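What follows is one structure encoded as structure tokens, with my remarks underneath.
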Amino acid sequence: MFQGLRPRHWTFELAGDRVLTLLLDRAGESVNSLSREVLEELDALIERIRIEPPRAVILRSAKAAGFIAGADVREFRAFAERGETLDAIRRGHRVFARLAALPMPTVAAIHGHCMGGGLELALACRYRIASDDPKTRLGVPEVKLGIQPGWGGTARLPHLVGAPAAFDMMLTGRGLSASNARAIGLVDKVCSAAELPAKATELALRGAARPLAQRVKVWLSNRWLTRQILAPQMRKQVARKADPKHYPAPFAMIEFWRRHGGSVARGLAAEPNSVAKLAATATARNLVRIFFLQEMLKGLGGGAEHGIRHVHVIGAGVMGGDIAAWCALQGFGVSLQDREMKFIEPALKRAEELFAKKLKTEDRIAPVRARLVADVESAKVPEADLVIEAIFENLDAKRALYANLEPRMKPTAILASNTSSIPLTELRAQLAAPQRFVGLHYFNPVAMMPLVEIVRHDGLEPAIEARIAAFAKAIDKLPVPVATSPGFLVNRVLFPYLLEAATLYAEGVPGPIIDRTAKKFGMPMGPIELMDTVGLDVATGVAKVLCPFLGISIPEKLQSMIAAGKRGKKDGEGFYRWQDGRAQKPEVPADYRAADDLEDRMILAFLNEAVACLHERVVDDAERLDAGIIFGTGFAPFRGGPIQHIRDSGAAALKARLQALAAKYGTRFQPKAGWDEL
């Protein structure tokens, strides 16, 4: 039936019962994505199907990795740069509309990832079936790129699963498991991966009826009155977490549904223009940039074999214990060492909580639990391929530990330090094999923060750096290589900002005002609350290493608080009082007016140090710097990173504002070398 067609990306199988299976296997790519060529070939196949109709059509992936990861974001960026976004969206709409209009049953057979445009393709089919494999995830993450689903998702999804469930997916970008997708009516059947082809055929031939109660619920949730009532409530909820000026996409989606959500047809007609408008915003441009920065960091770990089977972690505190638990969760054998078992037990308890949260059931938790063992006597050191030191920040203590460790390690093993601030040139001084010593700096909380800094020194063997980058990828972290200077990249850039916030607090500016100002700029958490959360003792310990190098001082107020035992959240009191894990922030008088330069004092201190790090080549380039700061600190993603923000705002203008601050407050604001290069 496809005589004369020679598609590069699609193959087909026509069974004896005249059920046609179209298999997507995008040429030259490890995962399927929807490029212009893929869609054009699908369009040609659909045209032939209309001429010679089979009994049913199944769409499936020929790749083990998954169904479809989404639209080709590389093409999306190119279309946006050329002003062709609207045309690209309309092309996709036309293909999906022709698929939806086929007279015979159509089934999307989903295994693995089914995201964005992939799910929108599935929504254009009459039925959907998904494998129950843990890797199967269905979602519409376009909001993370600053846009709304653009190939029919915003129009079709609320009318399939109901508006509340649809917006829970669209506003968060979260993916659903197959069972959760089945529960809301997103998929019609769930089966094992091995059964997927046969069960998809069965679904195509027999169909599936949606329960009446579900259909009524969906219908009611999209009525005009319902939309007018729910839309303001959703806007209010979203506004608690996002500023519409910074993140317009979620608010645009809600308004789109309020105006056009009465029918799929009206939604489909309005969707292309709505998406194209969002795609033209600075937020979308910067969020797409961040997507590629993330892919770049992932790629750093793809060029070597890490050769690591067993990880030995020394130091069972919050960082060391959580590093050990995370490595076990990712499939590595792990031993955790500390002076006594009583120091390891809390770490094992936290690990159990992590495993329960991530894995849910005992049959999945048990093998992970078995991979993590306590090792007070350090008996596992000779077996380890990687030894991670995560003890307290003290140069002499770390050197003494290395002197004991190194003779017992196998010749191919890597020794890594989780130091957050001590230069590796000082730590390596007495090592016999400094070429196998590297910094591997995690961020707290380990299970949530995606970044690790790979800290280089001039004696590091390149092959060891490559192995550590591959290991970072294997434990689902983003590696950014940095030079060995005090504080490396993230802490060096972050601490002038934190200490300026502490200085403002000491000057009498209320903590909530400081935090509110930073969050208004786009920071995920205010600096006062952040220091309380990290621990004032931890922050001060890092500051003692950094301050002499940076030429700034620790505010006396901060030191006096620590002397009084106020270490922050863990003690119940720091800058704020803490109760049940929440900061009890004092009320600020309604007539309080913050100084006009409050934001500049904090943010320009941050940007000034970022410029210095780029100038001194702490990182290789601006892209890695922006990636490291975004994924290490949460720096306002919609701004694209500190260097991108400087370029967008104008380096000369920001430098002039720093000079004005230096004249008013002192030399800590003097612009550092590198501004003129930008």
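The values are calculated or read from the model by the stated rules, or taken from the named source; none is laboratory data. Keep in mind that this is a model prediction, so the values were computed, not measured. Here Cβ is always computed from backbone atoms with ideal geometry, including for glycine, and neighbour counts include all displayed protein chains.
Just to verify a result, which residue in the range 415-441, among those that are of a type in the set (A, V, I, L, M) and over 32 Å from the mean Cα position of the chain (by Cα), is modelled with the lowest pLDDT? Please lay out each step first, then the result.
Residues of the range 415-441 that are of a type in the set (A, V, I, L, M), as a first pass: 415-416, 422, 424, 427, 429, 431-433, 438, 440.
Filter once more, keeping what is over 32 Å from the mean Cα position of the chain (by Cα): 429, 431-433.
Details: Ala429: 93, Leu431: 97, Ala432: 96, Ala433: 97.
Looking at residues that are of a type in the set (A, V, I, L, M) and over 32 Å from the mean Cα position of the chain (by Cα), I get Ala429.
Could you tell me whether the range 653-661 includes any residue that is assigned by TED's automatic domain parsing to the domain that holds Val534, modelled with pLDDT of 95 or more and assigned to a loop (DSSP other than H, G, I, E, B)?
Filtering the range 653-661 down to residues assigned by TED's automatic domain parsing to the domain that holds Val534 leaves 653-661.
From what is left, the residues that are modelled with pLDDT of 95 or more are 653-661.
From what's left, assigned to a loop (DSSP other than H, G, I, E, B): none.
There is no residue in the range 653-661 that is assigned by TED's automatic domain parsing to the domain that holds Val534, modelled with pLDDT of 95 or more and assigned to a loop (DSSP other than H, G, I, E, B).
Are any residues in the range 540-561 under 21 Å from Ile513 (Cα atoms) and either free of Cβ contacts under 8 Å to residues at least 12 places away in the same chain or part of a helix (DSSP H, G or I) (or both), and if so, which ones?
Keep residues of the range 540-561 that are under 21 Å from Ile513 (Cα atoms), which gives 554-558, 561.
Scanning the range 540-561 gives Glu556, Lys557, Leu558, Met561.
Name the residue that is surrounded by the fewest Cβ atoms within 10 Å (Cβ to Cβ), counting only residues in the range 447-467 that are of a type in the set (D, E, K, R) and part of a helix (DSSP H, G or I). Break it down into steps so the answer makes sense when it comes.
Step one: filter the range 447-467 for residues of a type in the set (D, E, K, R), giving 453, 456, 458, 461, 465, 467.
Filter once more, so that each one left must be part of a helix (DSSP H, G or I): 465, 467.
Working: Glu465: 19, Arg467: 23.
Going through the qualifying residues, I end up with Glu465.
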For Gly307, state whether it is surrounded by fewer than 21 Cβ atoms within 10 Å (Cβ to Cβ), closer than 30 Å to Ala384 by Cα and modelled with pLDDT of 95 or more. yes
Of (1) at pLDDT 95 or above; (2) farther than 22 Å from Ala472 by Cα, Arg364 fails just (1)
Mind checking which residues of the range 562-583 are over 29 Å from the mean Cα position of the chain (by Cα), assigned to a helix (DSSP H, G or I) and over 24 Å from Val493 (Cβ atoms)? Ala563, Asp571
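Condition test on Asn180, is it surrounded by fewer than 18 Cβ atoms within 10 Å (Cβ to Cβ) and modelled with pLDDT of 95 or more?
Numbers: surrounded by fewer than 18 Cβ atoms within 10 Å (Cβ to Cβ): yes; modelled with pLDDT of 95 or more: yes.
Against the criterion (surrounded by fewer than 18 Cβ atoms within 10 Å (Cβ to Cβ) and modelled with pLDDT of 95 or more), Asn180 qualifies.
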Breaking point among (1) surrounded by 18 or more Cβ atoms within 10 Å (Cβ to Cβ); (2) over 30 Å from Leu415 (Cβ atoms), for His312: (2)
Taking the condition touching a strand residue (DSSP E or B) at 6+ places or on another chain (Cβ under 9 Å), assigned to a helix (DSSP H, G or I), crowded, with 18+ Cβ neighbours inside 10 Å and of a type in the set (Gly, Ala, Ser), does Ala416 pass? no
Across the range 487-530, what is the total count of residues that are surrounded by fewer than 24 Cβ atoms within 10 Å (Cβ to Cβ), touching a Leu at 6+ places or on another chain (Cβ under 8 Å) and not in a helix (DSSP H, G or I)? 1
Quick check: anything in the range 260-273 free of Cβ contacts under 8 Å to residues at least 24 places away in the same chain and over 27 Å from His93 (Cα atoms)? no
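Would you confirm whether or not the range 402-411 contains a residue that is surrounded by 14 or more Cβ atoms within 10 Å (Cβ to Cβ) and within 33 Å of the chain's Cα centre (by Cα)? It would help to see each step written out before you state the result.
Within the range 402-411, the subset surrounded by 14 or more Cβ atoms within 10 Å (Cβ to Cβ) is 402, 405-406, 409.
From what's left, within 33 Å of the chain's Cα centre (by Cα): none.
Looking through the range 402-411, none of the residues is surrounded by 14 or more Cβ atoms within 10 Å (Cβ to Cβ) and within 33 Å of the chain's Cα centre (by Cα).
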When Thr85 is evaluated against the numbered criteria (1) out of contact with any strand residue (DSSP E or B) (no Cβ under 8 Å at 6 or more places or on another chain); (2) over 25 Å from Leu287 (Cα atoms), which criterion, by number, is the only one it fails? (2)
A careful count of residues in the range 589-622 that are free of Cβ contacts under 8 Å to residues at least 60 places away in the same chain and assigned to a helix (DSSP H, G or I) gives 2
Taking first residues from the range 197-210 that are closer than 11 Å to Ile129 by Cα and second residues anywhere that are surrounded by fewer than 18 Cβ atoms within 10 Å (Cβ to Cβ) and not charged (D, E, K, R), the pairs with Cβ under 9 Å that are 6 or more apart or on different chains are Lys199/Ser192; Thr201/Ala15; Ala204/Met104
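Residues are listed down the side, and each one gets a yes or a no for (1) at pLDDT below 95; (2) of a type in the set (Val, Ile, Thr); (3) touching a His at 6+ places or on another chain (Cβ under 6 Å); (4) in a loop (DSSP other than H, G, I, E, B):
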| site | (1), (2), (3), (4) |
| --- | --- |
| Thr21 | no, yes, no, no |
| Ala27 | no, no, yes, yes |
| Ser30 | yes, no, no, yes |
| Leu39 | no, no, no, no |
| Ile46 | no, yes, no, no |
| Val57 | no, yes, no, no |
| Lys63 | no, no, no, yes |
| Ala80 | yes, no, no, no |
Condition check: basic (Lys, Arg) and more than 33 Å from the chain's Cα centre (by Cα). Does Arg36 satisfy that? no
For the structure I just gave you, tell me whether Gly153 is surrounded by 24 or more Cβ atoms within 10 Å (Cβ to Cβ), touching a residue at least 12 places away in the same chain (Cβ under 8 Å) and assigned by TED's automatic domain parsing to the domain that holds Pro211. yes
Residues in the range 632-640: is at least one assigned to a loop (DSSP other than H, G, I, E, B) and more than 27 Å from Leu278 (Cα to Cα)? no
Helices (runs of 4 or more DSSP H) fully within the range 269-380 counting 1 or more residues that are within 30 Å of Phe251 (Cα to Cα): 282-300
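Inspect all residues belonging to the range 563-572 and state whether any of them is on the phi > 0 side of the Ramachandran plot and touching a Leu at 6+ places or on another chain (Cβ under 9 Å).
Yes, the range 563-572 contains a residue that is on the phi > 0 side of the Ramachandran plot and touching a Leu at 6+ places or on another chain (Cβ under 9 Å).
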Is at least one residue of the range 531-549 among the acidic types (Asp, Glu), within 24 Å of the chain's Cα centre (by Cα), within 27 Å of Phe392 (Cβ to Cβ) and surrounded by 18 or more Cβ atoms within 10 Å (Cβ to Cβ)? yes
Checking the condition touching a strand residue (DSSP E or B) at 6+ places or on another chain (Cβ under 6 Å), among the hydrophobic types (A, V, I, L, M, F, W, C) and at pLDDT 95 or above, which residue from Phe638, Phe606, Phe575, Phe631 passes? Phe631
